[in-house]
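Enquirer: Here it is, the structure in full.
Read-outs throughout are calculated quantities, based only on the coordinates presented, and are distinct from any laboratory measurement. Computed from a predicted structure; not experimentally measured.
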Amino acid sequence: MNAVEDACTRISTIDFLLEQLQEAADASGNLEIVDISMALNSYLPVFTRHFDEKFKLAWNQTVGTP
């Protein structure tokens, strides 16, 4: 389960990037908006894949497969 917890803590990275994106949007920093949006779009699939792998492993170890 530690791996699942580790994967969940990575949400803070997405939260930080979203805060930065909102600040850039509020300040009309177009280049910052593009950079942060690209970072989020690149990071999210990697995060999702990592979380899925760790969740499935934890699930199989805890509940088992039928």
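Enquirer: With angles folded into 0 to 90 degrees, how steeply does helix 30-62 sit against the dominant principal axis of the chain? Use alpha carbons for both and round to 10.
Expert: In the chain, helix 30-62 runs at an angle near 10 degrees to the longest axis.
Enquirer: For the chain, list log₁₀ I(q)/I(0) at each q in 0.18 Å⁻¹, using the Debye formula over Cα point scatterers of equal strength and ignoring solvent, two decimals each.
Expert: Result of the Debye calculation: -0.69.
Enquirer: Using a Gaussian network model of the chain with C-alpha springs under 10 Å, which one of F47, F55, F16 is most mobile by mean-square fluctuation?
Expert: F16
Enquirer: Taking Cα pairs under 8 Å and at least six residues apart, what relative contact order does the chain come out at, in percent?
Expert: This gives 48 percent for the chain.
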